[in-house]
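The values are calculated or read from the model by the stated rules, or taken from the named source; none is laboratory data. Note that the coordinates shown come from a computational prediction; the quantities given were computed from them, not determined experimentally. FYI the Cβ positions are ideal-geometry reconstructions off the backbone, even for glycines, and counts take in every protein chain you see. To get the accessible areas, we keep the full protein, side chains included, count just its heavy atoms, and leave off ligands, DNA and RNA. Shrake-Rupley method; radii C 1.70, N 1.55, O 1.52, S 1.80 Å.
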Amino acid sequence: MSRVRVAVLRLAMASCCGLALAGCTNVVTGMTETLASDLTAAMLDNDDLEVVRNGAPAYLIMLDALLRSNANSPALLQAAANLNAAYGAAFADDPEQARTFANKALRLASRAACAEVPWTCTARTVPFAEFEERLPTLREEHVPVAYTFATTWAGWIQAHSEDWNAVAELGRVKALMARIAELDGSWENGGPYMYLGVFETLAPPALGGRPEVGRGHFERAIEVSEGRHLMARVMFASQYARLVFDRELHDRTLREVLAANPRVEGLTLSNRVAQEQARELLDSADEHFF
C-alpha cells in the first residue's frame with residue numbers, strides 16, 4: 001500500500017474515530033442491531049422447522065456474543081428476547097428447557113423495556129394499583145418494546161404455570177397488553193388481540209373466564225391479519241371452541257389453517273408451527289368432544 005493511501009486511510013479513521021468517536025460507535029452499533037434484526041427475520045421467515053430447530057442455536061449464541069459488546073442496546077435486547085422466546089416455545093425438548101428459554105427471554109425483554117420506559121424496571125414488583133396508574137403513560141412509540149416485554153412475560157408465566165406466584169402476575173400482563181391494543185392493536189398482525197383472546201379464555205365463566213369477550217378478540221386478530229396469522233386461528237380453536245365445546249367451529253377453523261399458505265413475511269415459522277398444532281388438535285378432537 002502506498003504512503004499516500006496509508007495517509008488517506010489514517011485520515012479517514014481519525015475523522016471517524018478520533019474526532020467523532022461517539023459517531024463511529026453509533027455506526028457500529030447500528031450495524032450490529034441490523035444484523036440481529038436480519039437474523040431474527042431470517043429465522044421467523046423460514047418454513048422448514050427442522051432447519052430452524054438445528055440452525056437457530058447458532059443464531060442464539062451469535063446474539064449472546066453481540067450483546068457482550070452492546071449490552072444496553074434496546075433493539076438488540078428485543079431481537080434476542082424474541083428469538084429465545086420463539087425457539088423455546090416451538091422447540092424446547094422438555095419443561096425444564098422451556099423454562100430456561102422463557103427465563104432468558106424475559107430477562108432480555110425486561111432490560112430492553114427498562115431502557116426505553118424506565119417505570120417498567122419495577123413493573124413486576126410495584127403494587128398493582130401503581131402499575132395500572134403508569135400504563136396510560138405508554139405511548140405509541142413504546143409499542144414494539146412493550147409488546148416484546150408483554151409476550152415474553154406471558155411466555156414466562158406459561159412456562160412456570162405450576163407456580164402460583166408466577167400465575168399471579170398474569171393480571172399485570174393482561175393490563176399491559178390491553179394498553180398496547182389501545183395504542184396499536186394491529187401490531188404484529190393483530191398479536192395484542194390474539195393474546196387478549198387467550199387471556200379471556202383461560203377458564204370457564206364459572207371461574208372468571210369471559211369466553212365471548214375472548215371470541216371477539218380472536219375474531220379481531222384474524223380480521224386485522226386478513227386471516228394470515230394462522231396461530232390466531234389455532235388459538236381461537238384450542239382456547240375458545242374447545243372451552244365452549246363447539247366441535248363444528250373447532251374442526252372448521254383448524255382445517256382452514258391446514259389449507260392455508262403458511263408463507264407470509266414475518267409469520268412463516270409461526271404459521272408452520274400453527275399448522276403442526278392444528279394437526280395435533282384435530283387428531284385429539286374425539287378425546288375432547290366426547
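Quick look at the numbers
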| item | result |
| --- | --- |
| Residue list for the stretch 185-218, filter: touching an Asp or Glu at 6+ places or on another chain (Cβ under 6 Å) and open to solvent by less than 40 Å² (accessible area, probe 1.4 Å) | 214 |
| Tabulated pairs, the stretch 182-211, first among the β-branched types (Val, Ile, Thr), second assigned to a helix (DSSP H, G or I), C-beta under 6 angstrom, 6+ apart or interchain | 198/235; 198/239; 201/211; 201/214; 201/239; 201/240; 201/243 |
| Among (1) in a helix (DSSP H, G or I); (2) surrounded by fewer than 21 Cβ atoms within 10 Å (Cβ to Cβ); (3) over 21 Å from the mean Cα position of the chain (by Cα), the one test that residue 245 misses | (1) |
| Criterion: modelled with pLDDT under 95, part of a helix (DSSP H, G or I) and under 22 Å from the mean Cα position of the chain (by Cα) - qualifying residue of 270, 238 | 270 |
| Scan of the stretch 232-282 for residues that are hydrophobic (A, V, I, L, M, F, W, C) and on the phi > 0 side of the Ramachandran plot, ordered by number | 245 |
| Residue selected from the stretch 40-89 under the condition at pLDDT 90 or above and in contact with a Lys or Arg (Cβ under 7 Å, 6 or more places away or on another chain), by the criterion nearest to residue 108 (Cα to Cα) | 77 |
| Residue count, the stretch 192-212 (criterion: within 17 Å of residue 180 (Cβ to Cβ) and out of contact with any Leu (no Cβ under 8 Å at 6 or more places or on another chain)) | 8 |
| Selected residue [without any contact (Cβ under 8 Å) to a residue 60 or more places away in the chain, more than 25 Å from residue 166 (Cβ to Cβ) and outside any helix (DSSP H, G or I)] from 72, 54 | 72 |
| Any hit, the stretch 211-220, residues being of a type in the set (Lys, Arg) and not in a helix (DSSP H, G or I) | no |
| Qualifying positions in the stretch 59-78 - open to solvent by 60 Å² or more (accessible area, probe 1.4 Å), farther than 16 Å from residue 37 by Cβ and aliphatic (A, V, I, L, M) | 61 |
| Every residue from the stretch 116-159 that is over 17 Å from the mean Cα position of the chain (by Cα), open to solvent by 20 Å² or more (accessible area, probe 1.4 Å) and under 15 Å from residue 106 (Cα atoms) | 121, 122, 124, 125 |
| Within the stretch 84-105, tally of residues that are crowded, with 24+ Cβ neighbours inside 10 Å and among the hydrophobic types (A, V, I, L, M, F, W, C) | 4 |
| Residues satisfying the stated conditions in the stretch 94-152, i.e. of a type in the set (D, E, K, R), farther than 22 Å from residue 80 by Cβ and assigned to a helix (DSSP H, G or I) | 130, 132, 133, 134, 140 |
